1. Once all Cα-Cα distances of the chain are split into 5 Å bins that start at 0, what whole-number percent is in each one?
2. List the aspartates and glutamates whose alpha-carbon lies under 18 Å from that of Lys247, not counting same-chain residues fewer than 8 positions away?
3. In deg cm²/dmol and to the nearest 500, what is the mean residue ellipticity at 222 nm of the chain if only DSSP H runs of at least 4 residues count, each as -39500 (n - 2.57), divided by the residue total?
4. At most 10 other Cβ atoms within 10 Å plus a DSSP loop assignment makes a site exposed; report the longest stretch of the chain without any exposed trypsin sites (Lys or Arg not before Pro).
5. Kirkwood Rh over alpha-carbon pairs of segment 65-155, then Stokes-Einstein at 25 °C and 0.890 mPa s: what D in µm² s⁻¹, rounded to an integer?
6. On a 0 to 90° scale, report how tilted helix 2-19 is relative to the longest principal axis of the chain, with both axes built from alpha carbons and the result rounded to the nearest 10.
7. What is the gain in length, in nm to one decimal, between Ala182 and Lys116 on full extension, counting 0.36 nm per residue of separation less the C-alpha to C-alpha distance?
8. Tilt of helix 53-65 relative to the longest C-alpha principal axis of the chain, in degrees (0 to 90, nearest 10)?
Amino acid sequence: MMKKILFLILLSVTVSANALTVAEQADSAYNKDDFRLAVELYNRALIEDGVSADVYYNLGNAYYRCEKPGMAVVCYERALKIDPTDSDAKTNLAFVRAQIQDKPEDDTAFLTSVHKSILGSMTPNSWSVTAFIVFLLLLGAIALYIFSGSVLPRKIGFFSGIVLLFIFGYVLYLAWESYSYATSHEDAVVTAPSTQLSSTPRAARTSSDKVVTIHEGTKVEIIDSIATPDDPVSPKWYNVKINNNTKAWLRASDVERI
């Protein structure tokens, strides 16, 4: 009789465990400080349940706990691609970046920085909705100008229409750029402990081939790629840009696309 009761208890525990989603199992593993299992389960959740800003954020935390800051940066960046307004992902990304060895100089122009700040204030869908609302307001201003019988409302319609036209154009551009960034994979992060930048798509052979060594967690922009199947060092190389002034080649296997 005791064996039967014990079997039923074990069966109920198994059913209860199976009732948890993969992401919930990953959360449980993380809370138990089993970070390697959490990484495995969060990655599995992304495959089985689809991409999610929350899962990428939690996966980034798990990677950081596994002492893999490069992959943590990748996951936080992916979370922000899905939801640019995720303040937790922004905070943790800034925290990890403050600890990485390389800190490339930010040579971005002031207006470009302001534009990027505005761009990251809403999701692509929110920008699309905003563009639609501004378009309706623009139609209202045009209607006011055309159908109003007095001078003052016509002036209001005319000048507000001009302003709304520029706003609509800019918001529409923000919606397009936000969507393009969310679906692009041009940015990448160094996930190897370090990698050697080279002036040519091959391992540095002379001092003139070497540019600089960069370390895990550094973000780069991929400009071009080239396959080198006969290269014993790497079958593929990326031409990357670190900031607006530094361009070089590195091994494709040393970075992870965002």
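1. Histogram of Cα-Cα distances, whole percents per bin: 1, 6, 9, 11, 13, 11, 11, 9, 7, 6, 5, 4, 3, 2, 1, 0, 0, 0, 0.
2. Counting by Cα, and skipping residues close in sequence, Lys247 has these aspartates and glutamates nearby: Asp102, Glu105, Asp106, Asp107, Glu186, Asp187, Asp209, Glu216, Glu221, Asp224, Glu256.
3. The per-residue figure over the chain is -19000 deg cm²/dmol.
4. That gives 33-204 as the longest site-free run.
5. The calculation lands on 146 µm²/s.
6. That works out to roughly 30 degrees.
7. 22.4 nm
8. Between the helix axis and the principal axis of the chain, the angle is about 40 degrees.
A short reminder: the numbers here are calculations on the coordinates, not readings from a lab. Bear in mind that the values here come from a model prediction, so they are computed numbers and not experimental data. Because the Cβ atoms are built from the backbone with ideal geometry, glycine has one as well, and the counts that use them run over all protein chains shown.
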